[in-house]
1. On the basis of being surrounded by 14 or more Cβ atoms within 10 Å (Cβ to Cβ), among the small types (Gly, Ala, Ser) and part of a helix (DSSP H, G or I), does residue 6 make the cut?
2. From the list 74, 70, 61, which one is surrounded by 11 or more Cβ atoms within 10 Å (Cβ to Cβ), out of contact with any helix residue (DSSP H, G or I) (no Cβ under 6 Å at 6 or more places or on another chain) and over 18 Å from residue 15 (Cβ atoms)?
3. Just one of the numbered conditions (1) touching a residue at least 12 places away in the same chain (Cβ under 8 Å); (2) assigned to a loop (DSSP other than H, G, I, E, B); (3) aliphatic (A, V, I, L, M); (4) over 23 Å from residue 67 (Cα atoms) is not true of residue 1; which one?
4. Could we say that residue 86 is among the aliphatic types (A, V, I, L, M) and in contact with a Pro (Cβ under 9 Å, 6 or more places away or on another chain) here?
5. Looking at segment 77-111, which of its residues are acidic (Asp, Glu) and loosely packed, with under 11 Cβ neighbours inside 10 Å?
6. Restricting attention to segment 59-94, which residues are among the small types (Gly, Ala, Ser) and closer than 18 Å to residue 24 by Cα?
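The numbers here are math on the coordinates, done by the rules we state, and not lab data. Bear in mind that the values here come from a model prediction, so they are computed numbers and not experimental data. Positions of Cβ are backbone-derived with ideal geometry, glycine not excepted, and every protein chain shown enters the neighbour counts.
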Amino acid sequence: MGSSPSRVCKLEAGDESVAPSLMLRALVAMDAPLRLEIDKSRDAFAEPGLTAEQRRQLSARLLRRRQADRIAEREHVDGGDVEHVLFNLALSPWQRLARSFDRARRKRVPA
């Protein structure tokens, strides 16, 4: 399907971060029918009390996801991996370094 084993595992587990393009490739590979339902209760923009900054961030994430899906389709790679790279490229070097330190702290096991 042109995706990493970890992404396929996430697809099988029902992870919401899996790109729609990967879901479609899986359906095609299995020759399975497709039925779409739109759940308006999960519309992130309909959430009351969103600030302008939160709307901007959400909009940027959706745009990044769409760009990642296009690149992934063209290059036959996983959209989630591309989205992760695009997000990291948008950060300043200091922000990337801080995120790396945060991840290292969370993985560290107390002695």
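1. No; evaluated as a whole, the condition is false for this residue.
2. 70
3. Result: residue 1 fails condition (4) only.
4. No: the conditions fail for residue 86.
5. Answer for segment 77-111, where residues must be acidic (Asp, Glu) and loosely packed, with under 11 Cβ neighbours inside 10 Å: just 102.
6. Result: 68, 72, 79, 80.
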